[in-house]
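Since the structure comes first, as structure tokens, the remarks are kept for the end.
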Amino acid sequence: MLRFLLAAALALTTMSPAAAQTGSPRVESLLSRMTLDEKIGQLNQVPGGRQRALNSRLDAAALERVRRGEIGSFLHVAGAAQIRELQRVAVEESRLGVPLLFGMDVVHGYKTLFPVPLALAASWDPDLVQQTAHVAAVEASAAGLNWTFSPMVDIARDARWGRVVEGAGEDPYLGSILATAQVRGYQGASLADPSSIIATAKHFVGYGAANGGRDYDSADISERTLHEVYLPPFYAAAQAGAGSMMTSFNDIAGVPLTAHPALVRVVLRRDWGYDGLIVSDWNAIPELMNHAIAGTPREAGAAALRGGVDMDMAGNLYSAELKGAVEADPTLLPMLDDAVRAVLLAKERLGLFDDPYGRADPAREAAAMLTPEHRAVAREAARRSMVLLKNDGDILPIAASARRIAVIGALAEDANSSLGSWRAQGKVEDVRPLIPALREALPNATLTYAQGYRPEAAQVVAVTASGEGAQAVHEVSDAEALAEAVETAKASDLVLLVVGEHFDRSGEARSYTDIGLSAAQDALADAVLATGKPVVVILMNGRPLAIPELAERAPAILETWFLGVESGPAIADVLTGSVSPGGRLPISFPRANGAMPMTYAHLPTGRPAAEDLVRDTARYRDQPITPLFAFGHGLTYSRFDYGPLEVDRASLGATGGVTASVVVRNVGAVAADEVVQLYMRDPVASVSRPVQQLRGFRRVALAPGQAKRVSFELTPAQFALWTDGWATEPGAIQLMVGAASDDIRGRAEITLTEAGRFATPAPAVATPSTESIVP
Ligand code: NOJ
């Protein structure tokens, strides 16, 4: 198969995949009038600043380059006035007047910051996720931007990888649904609408499978896993019309994605018919020399172009080398033309040729940011993203009788961390922090606060691939601070212990071998738990944490991730019970650093993990066989009963569909949301299949006593496996419905009577669901 892919890729390097697709007279006419230099200019994306210092590199020299047609796009710029001026020079002063693309990492909001992507994924609420992306687009476009490098749709099953915070977690079905939602949110009904921006599905592909969880490291992925796990969210994003994709830094089996015709030209362009704009990651084209697949900058440029990369992000390599490369090897010319077509097509789709200034309107910019409506979406998103991991004895919500409440742990006052890793124009002063919000929500309680340890800013500890320096925070144990925390706890009726990780421990280039708490936080948790006071742990973190002891000892744990500008009030809403938590984990929590990678969707193996240590099975001897908290896990302030899982037919051919439904009843005393999850298993197939695979979900709101029938429409394509294409095999398919991957409440079985072949990756087929009230 791989040989076939490579052969096809080689054949395709002389074809013009985008050419056939443009069908745009304007693009073709423009292209025909361009000089080689002007074409190369279009492929050049230049930093106008840095992520944390936007516009800092915009000077007269940059403007002059625009005038000469040497730049096709800027990144890390913002501001309607600045962008309008750059656009004016491009449109009015360059020879052909081609407008510019302006890109930025608008990842979980532009000015109104929402929960980080992993948190949003925990909402299991695609409509909400779409709404947050829409608000981000409204604000970013008002500041002149027309392109975001989001969503990151990399599946990640290793929490050591710091970028788990940027994605939707471990599951390709959930990842595909949320990829679609984000693309729709950013791009709206039409890209030509000035409040829409181009979405970028990144990083194509396999970036989340980095060896050892080390950012940028190689991935070695089987062809089946690539198709079944890593590619589906990209397929879903492509189907949703994502205007752009970014290739990833990593290599797969020695082939860097920055120069990977078999995946980019064959799978993405040819098989999926994708005609959007493909941009490299930051400086990734020159880095082909570090990968040691190119000996010179010119070879690197040629390899990336052959690999199907249209635009060079920040590498300055296409602009320096492509002319020489094309002159030396004219077979590159059609590929160069196609790359230019993709850039021009993106500009046309955005409506930039007709209205280059629609997104750079200072009046709209002044009115658009952080409006009350946007804050309301942020509050709702934050509320819905929290996951109640544990709640022994129903210690939460906080009882109205609680008079003395201790808030302990420096993260409680770290509003900066609430903003998460990418923050565009989010500002700390826009965050509504936890402690004042709690005081407001609990007017009759006395709230005391103790830091518990000393967070100390360290000097720059890491520089990302994007050249950003980062200030890590060292958490230093301090006897005095610890003693004060213990006294504060002792003098309270209830402790809210806020622990986790500083925001800058997750994100790009933030891989760690140890994903437990810092020593200082560990000591603090220990001391506070030792007081014997009831302790509610509030986690703030960007990745799953290995915290087995804390999970054992603390009666309640609320996962709050990094929730954005409405963090404080939203957490207070949940703690006080004005809202029941309803989020679910989009990624498993391991019990130990060494227990990764891990996923609920593993294969059974010949010796399935068994609790009995006398038997030799696929497990660690020093850990239980279960995760600390499983994929899909999350509690509420209520309880739900499930009826039997019913299917409306017992067998299915290669076409048609089956409806699986279940009645879910809220048997508790408060209104709450249940996330009803549908899993499948193909119990006997020609290759070993995962023990569970998510195939549908629905977040259902239920009043106390209320029951609803939740139905899922499934088709054979969703049961397919990858064997040289997507195919089903005749035989049984087991269906499971439940409240989490480890909390299955109902089962059913259907029989596939025929083999079938399908074009769409099984996890990228969205399962329609409905709910109806049962009297
Ligand atoms: C590098 C990151 O990998 C990518 O996700 C990001 O979009 C670019 N830098 C631009 O900031």
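What number goes with the only condition from (1) under 27 Å from the mean Cα position of the chain (by Cα); (2) in a helix (DSSP H, G or I) that residue 315 does not pass? Condition not satisfied by residue 315: (2).
Taking residue 618, is it of a type outside the set (D, E, K, R), part of a loop (DSSP other than H, G, I, E, B), out of contact with any strand residue (DSSP E or B) (no Cβ under 7 Å at 6 or more places or on another chain) and surrounded by 14 or more Cβ atoms within 10 Å (Cβ to Cβ)? Yes; evaluated as a whole, the condition is true for this residue. Can you find even one residue in region 223-241 that is out of contact with any Ser or Thr (no Cβ under 7 Å at 6 or more places or on another chain) and over 22 Å from residue 168 (Cβ atoms)? Yes, region 223-241 contains a residue that is out of contact with any Ser or Thr (no Cβ under 7 Å at 6 or more places or on another chain) and over 22 Å from residue 168 (Cβ atoms). Note on region 138-174: residues that are more than 16 Å from the ligand (Cβ to nearest atom) and assigned to a helix (DSSP H, G or I) amount to 7. Taking region 96-136 as the range and being within 16 Å of the ligand (Cβ to nearest atom) and either among the aliphatic types (A, V, I, L, M) or assigned to a loop (DSSP other than H, G, I, E, B) (or both) as the test, the residues that pass are 101, 104, 105, 106, 107, 108, 109, 110, 116, 118, 133, 136.
So for region 670-682 (the condition being surrounded by fewer than 22 Cβ atoms within 10 Å (Cβ to Cβ), closer than 25 Å to residue 120 by Cβ and among the polar types (S, T, N, Q)), does at least one residue qualify? Scanning region 670-682, I find no residue that is surrounded by fewer than 22 Cβ atoms within 10 Å (Cβ to Cβ), closer than 25 Å to residue 120 by Cβ and among the polar types (S, T, N, Q), so the answer is no.
Take residue 331 and tell me if it is hydroxyl-bearing (Ser, Thr, Tyr) and either part of a strand (DSSP E or B) or more than 16 Å from the ligand (Cβ to nearest atom) (or both). Taking the combined requirement at face value, the residue satisfies it.
Scanning for something surrounded by 23 or more Cβ atoms within 10 Å (Cβ to Cβ) and assigned to a loop (DSSP other than H, G, I, E, B), does region 524-541 turn up at least one residue? Yes, region 524-541 contains a residue that is surrounded by 23 or more Cβ atoms within 10 Å (Cβ to Cβ) and assigned to a loop (DSSP other than H, G, I, E, B). When we screen 606, 705 for residues that are among the small types (Gly, Ala, Ser), farther than 28 Å from residue 556 by Cα and surrounded by fewer than 17 Cβ atoms within 10 Å (Cβ to Cβ), the only hit is 606. The residue list 688, 661 contains one member that is of a type in the set (Gly, Ala, Ser) and in a loop (DSSP other than H, G, I, E, B), which is 688.
Residue-wise test of (1) in a strand (DSSP E or B); (2) touching a Lys or Arg at 6+ places or on another chain (Cβ under 8 Å); (3) farther than 30 Å from residue 85 by Cβ.
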position: 365; (1), (2), (3): no, no, no
position: 375; (1), (2), (3): no, no, yes
position: 382; (1), (2), (3): no, no, yes
position: 398; (1), (2), (3): no, no, yes
position: 405; (1), (2), (3): yes, no, yes
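The residues on offer are 734, 718, and the sole one that is in a strand (DSSP E or B) and surrounded by 14 or more Cβ atoms within 10 Å (Cβ to Cβ) is 734.
No lab work stands behind these numbers, since they all come straight from the coordinates. No experiment lies behind these values; they were computed from the predicted model shown. With ideal geometry, Cβ positions are generated from the backbone for all residues, glycine too; neighbour counts draw on all protein chains shown.
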